[in-house]
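Below is one structure, written out as structure tokens; comments come after it.
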Amino acid sequence: MLRKAKDIIGYSVYGAEGEIGKVDDLYFDEDYWVIRYLRVDMDSWFSSRKALLSVEALGEKDWNARRFGVSLTRDALRNSPEVDFGRPVSRKKEEEINTFFQWPVYWDINRYPEYPGVSEPGYPEIRKPGYFGAARGYYSPSSEEQHRREAGTEAVGGIGFNIRSVKDTIGGPIQATDGEIGHLENLIIDDDTWAIRYLSVDTRTFLPGKHVLLLPHMILRVDWAESRVFITVRKDVVKLGPEYDPSRMPDRAFEDEVYEYYVQHSV
């Protein structure tokens, strides 16, 4: 089922001992545009702490009650490696967190093959969403990509940073090949795979405007300093795209219309 990323902010996270905290952000993999972690705020009257929780660690998902279950305790999450949320999270820090919890890592299918809940051999990777959404399969990075990631460059904007904040990304401008065309209003995700299926864009900055959906496949690059998303089509392609009603989730017929439209325009 499809869900809006911003709507998940505020969900409660429960462990065996009760509520652990609330989701206050989501973090996605910038290479594949898939949600990999929830940021949990464990703020209380005597202390404040935020930590990353892998979506693979989630148990029961009660979407109606807006809560997720986990097998962790509050203390376990509170004692996890500290994260500097003032900048993007590095691969080195991801390694540290996943090693601490013995969570599987999405960038290497050969690690933690016995992780509870994973029925397939190895870790079920989610490929980069294409025209027809994300499909479960197996991903093994190229030797060049592996070398780049192992280098783990520790400069802001450098290649060592791989996951990004949804909050920091939403609101940024959309840059078509011939100029700016609105801003990113929300991300629409598949709640089974956690793949980002669509970018919800508000073009009303340039009246008359409307809401449209873009596909992650259309992203050329992102200027993370400005949260500016560069896409592979002209402004008129976006303007003339199927109009999206942000008050409701797209149904299958509308999804087909969106895909067919962008296929026709050679995205």
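The values are calculated or read from the model by the stated rules, or taken from the named source; none is laboratory data. Values in this document were obtained by computation on a predicted structure and should not be read as measured data. Please note: Cβ atoms are built from the backbone with ideal geometry, for glycine as well, and neighbour counts cover all protein chains shown. Protein only, heavy atoms only, side chains kept; ligands, DNA and RNA dropped before computing areas. Shrake-Rupley method; radii C 1.70, N 1.55, O 1.52, S 1.80 Å.
Can you compute the FRET efficiency between ASP62 and MET249 using 1/(1 + (r/R0)^6), with r the Cβ-Cβ distance and R0 = 22 Å? Round to the nearest 0.05. Provide the component values of the computation, followed by the final result.
Details: r = 18 Å, r/R0 = 0.83.
The computed FRET efficiency comes out at 0.75.
Using a 1.4 angstrom probe and counting only protein chains, how large is the accessible area of GLU17 in Å², to 10?
Accessible surface of GLU17 is approximately 150 Å².
Can you give the FRET efficiency to the nearest 0.05 for THR177 and ASN79, using r as the Cβ-Cβ distance and R₀ = 45 Å?
Working: r = 48 Å, r/R0 = 1.07.
Given R0 = 45 Å and the Cβ-Cβ separation, E is 0.40.
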